């Protein structure tokens, strides 16, 4: 049996982004949580005026005059003045601090009787604005958006590109703004420029500015904006192509290989003569296995022009095995999807600079097997899920099983013991008792037939030490039903009683899944890799425990498997 230690790497934006001005931490909320999510998930929110600030060694205490209790639990004792505790100025980890005299929308956590400032708290710049308007400020930001024919992925010459800019009223006042938006080519040759001037409105966080630009020449463009309120952004690597242009013609126009656009349903490869081509995903996978295409991730991963020949043993459903296989020790790496990343952001540990380990190209020269795995997971596309699961609390899990059993008993005329091989008789008491008692559930589930498709059910045989933890019931499409297997037909009316089964079945084939790669190592080399990461983490984060590894613009989970 293998045990895995799991780590991650953060995926960022593709292309060069240079920030030329930024809002203070205290004006924006972190981790991408919307105001609606904050209001739904956070228990204690107040609008308050900071009367005094006292900074100690590792914390800051704020004496706050409460202006409005926005949300609070029933048992909370409301006071006119409260003391809240935040991190000290200059502390690592994106710490948000405030000053005396500021109005703050405090999102607070109560721990051991102490009110602690969460990272979701932010400055309320205009005291005349309502709480709802303050939350709108949180959801807003400035930004440059481009689209063509109602889509944002591919851009062509001789057609207007719609440009939308959202000017950001950070102070929520009626101050003036001046914003210039530009497109440019190599050597900073500006081909389009538009300047907007006007006044913001009180308590309105954004003003929407629109224009259009029609490019003439195919090639790589850059776009940028500068704003009088101290913000700006530059992005280079914006490809614009002629309609129907071949990959070779795009390449000759100066578009980098990794930016070349393919027709719908085709993916980009780079052949060993360095020329680009567009093929189907199936063809790409076959060419990779045969070693006929480069697996260099080009400018997305490394500025090096070197390519890497992968010694692939097999590829199955998004899982790539490199030689050698079947060793006791292995390195394992996952290329994560957007959904994977969001799950890590949303769990209780979250993501910040204190648990992200930065890896450089120089580092990869010391750990070449990690570089090989990175190349491998980019050699195929994200697969879509072939099965799905429903997450259920213990009581609901058993109720779903009883529903399936009753449908099957009516059809086959058998008894409960034909389905439940083992079920704790006092399960209802166990689920209502907050103490952990352990729970056994051995259920022989019938095959489900729904809308003429058949699904086997798994995850119903288990023992758990904590019956209050959610369990997952999984559903796998099958081509045919074995003669000795019981099956039931569920209608849309039946699905009203087990809605999460319907949702799980509907999601099959719609969710991208991570691509994983593994490679066996001698045990002494495996230990060297673990020690390397431990020392790197200690040097970079002052801790040998880290959650994420960031290399360039990509996020991966890394595991160390051992017998």
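Coordinate-derived values only; no laboratory data. Note that this is a predicted model, so its numbers are computed, not measured. Here the Cβ positions follow ideal geometry from the backbone for every residue, glycine too, while neighbour counts run over all protein chains shown.
Which percent, to the nearest 5, of DSSP beta bridges fully inside segment 29-128 are antiparallel?
95 percent
Given axes a ≥ b ≥ c from the Cα gyration tensor, I'd like to know whether segment 29-128 is rounded (a/c under 1.5), prolate (a/b larger than b/c) or oblate.
Judged from the Cα gyration tensor, segment 29-128 comes out rounded (a/c under 1.5).
Can you give the FRET efficiency for residue 385 and residue 563, using 1/(1 + (r/R0)^6), R0 = 30 Å, r = Cβ-Cβ distance, to the nearest 0.05? Walk me through the numbers before you get to the answer.
Details: r = 29 Å, r/R0 = 0.98.
The calculated FRET efficiency here is 0.55.
Which order, highest average first, do 396-403, 340-347, 139-146, 409-416 follow once you tally other Cβ atoms within 10 Å for each residue and take the mean per peptide?
396-403, 139-146, 340-347, 409-416
Based on the Cβ-Cβ distance of residue 530 and residue 362, what FRET efficiency does E = 1/(1 + (r/R0)^6) give at R0 = 22 Å, to the nearest 0.05? Spell out each step's value before the answer.
Values: r = 20 Å, r/R0 = 0.90.
E(calc), rounded to 0.05, equals 0.65.
For mean projected area of the Cα convex hull in nm², the choices are (i) 30.3; (ii) 32.2; (iii) 27.8; which was calculated from the structure?
Of the labelled values, this structure produces (ii).
Multiply the residue separation of residue 497 and residue 189 by 0.36 nm, subtract the distance between their alpha-carbon atoms, and state the gained length in nm to one decimal.
Stretched out fully, the residue 497 to residue 189 stretch lengthens by 104.5 nm.
With a 10 Å Cβ neighbour count serving as the proxy for reagent exposure, in which order, fewest first, do 129, 563 appear?
The most exposed by this proxy come first: 563, 129.
Is it possible to state the helix-based mean residue ellipticity at 222 nm for the chain, with each DSSP H run of 4+ residues giving -39500 (n - 2.57), the sum divided by total residues, to the nearest 500 deg cm²/dmol? What is it?
Details: 13 runs with 117 residues, N = 563.
Calculated from helices alone, the mean residue ellipticity at 222 nm is -6000 deg cm²/dmol.
Figure the gain on full extension for residue 523 and residue 428 (residue separation times 0.36 nm, minus the Cα-Cα span) and round it to one decimal in nm. Could you put the intermediate results ahead of the total?
Numbers: separation 95, 0.36 × 95 = 34.20 nm, distance 4.77 nm.
Extending this stretch completely gives an extra 29.4 nm.
Quick one: if the Förster radius is 41 Å, what FRET efficiency do residue 159 and residue 346 give, using the C-beta to C-beta distance and rounding to 0.05?
On the way: r = 39 Å, r/R0 = 0.95.
That pair, residue 159 with residue 346, gives E of 0.55.
Got a sec? Which residues in segment 320-362 would a label at residue 545 touch, if it sits 7 Å along Cα→Cβ and we count backbone N under 20 Å?
Only 344-358 fall inside the zone, counting backbone N under 20 Å.
Sort 513, 282 so the one with the fewest other Cβ atoms within 10 Å of its own Cβ comes first.
282, 513
How big is the antiparallel share of DSSP beta bridges in the chain, given as a percent to the nearest 5?
90 percent
On full extension of the chain, what length is gained from residue 249 through residue 266, given 0.36 nm per residue of separation minus the C-alpha to C-alpha distance?
Values: separation 17, 0.36 × 17 = 6.12 nm, distance 1.69 nm.
In short, 4.4 nm is gained.
Cut-off is 10 Å between beta-carbons; in what order do 130, 432, 283 appear when sorted fewest neighbours first?
Listing 130, 432, 283 from fewest to most nearby Cβ atoms yields 432, 130, 283.
How many nm is it between the label spots at residue 139 and residue 483, if each spot is 7 Å from the Cα in line with the beta carbon?
6.1 nm
Taking the Cα-to-Cβ direction at residue 402 and at residue 311 and moving 7 Å from each Cα, how far apart do the two end points lie in nm?
About 5.8 nm, to one decimal.
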